[in-house]
Every structure is written in structure tokens, then in C-alpha cells.
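Take a look at the structure below.
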Amino acid sequence: MTHGRREALILGAAGLAAAAAGFLVGPALLKSTTGGGEGAAGNAALRSESLVDLAGKARRLTEWSDRILVCNFWATWCAPCREEIPLLMAARQKYGSKGLEIVGIAIDNAVKVGEFTASLKISYPILLAEANGLGLMRQLGNGAGGLPYTVVADRQGAVKHRKLGAYKGAELDSILDPLTQT
């Protein structure tokens, strides 16, 4: 076997091993989780957080303490985040009368978020976390710091579901239907 062919086989094997590792580990990183995970600390972090809205007004997530709260961390530069926004607007339309509120938490600068929100006519509240949102996401179970990241809390403020990655199709409905029935 020639030296060049041996190197090509070694590199090919390393590439296959890396692809297999990604295939096996990737879904675990992007999977949804149900339940608390971080327990009371995560629940308290979610409801006690104070962020600024697009008008510059300080807002606390406790404003929606009597509602099922879907907090979606996103950024204007995140393609999966942008693709997920119409699904979130539809969920708010469908479940809003049943006690649901969607709150977008932008990990981005105010100017870009304001322009993007206006162009898409986002119908739910948008709060600005900028880079500080990464710490909040970590407290809520997103150790990877990836986007989009969504946390769903019940009317009592208990985190019931979290997901790293964009929701697709009826996946969000399968989480919200049972919560809005109580």
C-alpha cells in the first residue's frame, strides 16, 4: 500500500468516525426535555428575570404569572429562529384565549431586533436580553448556549418543557394542548 493511499484511508476512517459521533450525539443535544431539570432554581430564574422591551421599558416575566408562558430565546441572525417565529405566532393565536403567552427573548441588539420584529409583524411581546440572555438560558438548562431555545412553564411557573432547536409542525401543539386543558 502506498503512503498516500494509507493517509487517505486513515483520514477517511477519521471522517467516518466523526460523522458517526455527530449522528449519535447530535440528536441528544437537540432533543426536547420534559420536566424541571434545574428545579426551583430554574423556575425562579424564569419568573424573576427582568428584561427591557423594544420601547426601553423594564419588564418582568412575572407579568404573565397567571398564564402558560412560552419563552423563546432567539436572534435575528439565527435561521432556525426566524423559521420558527410564524409557528409561535400561530400558537399564540390558537391558545391565547386559553391562557397562553409567548414571549420572545432576543439575544441580539435592539436596533436589529426592532427592525426585524416590525418587518415580520411579530404579534407577541419581545424582550431584549442581548448577551446577558446566555446566562439565563444556561440557568434554564441550555448548557450549550444554542438557539433557538424554548422553555414552557405552566400557570404556577413550573418549567414543564424545554427544547434546544426549532419546533416543527404539530410538535408545539402536542406540548401546549395538555397545558391549556387544565
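The values are calculated or read from the model by the stated rules, or taken from the named source; none is laboratory data. The model shown is predicted, which means the values in this text are computed figures rather than measured ones. No Cβ is skipped: glycine too gets one built from the backbone with ideal geometry, and neighbour counts run over all protein chains shown. Surface areas here come from the heavy atoms of the whole protein model, side chains and all, with no ligands, DNA or RNA. Shrake-Rupley method; radii C 1.70, N 1.55, O 1.52, S 1.80 Å.
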Item to check | Gain in span if fully extended, residue 66 to residue 139, counting 0.36 nm per residue against the direct Cα distance | outcome: 24.1 nm
Item to check | Solvent exposure ordering (accessible area, 1.4 Å, most first) of 182, 150 | outcome: 182, 150
Item to check | Selection of chymotrypsin sites (Phe, Trp or Tyr not before Pro), the range 53-87, meeting DSSP coil and at most 14 other Cβ within 10 Å | outcome: 77
Checklist outcome for this item: Of all trypsin sites (Lys or Arg not before Pro) in the range 123-182, the ones in DSSP coil with at most 11 other Cβ atoms within 10 Å are 168
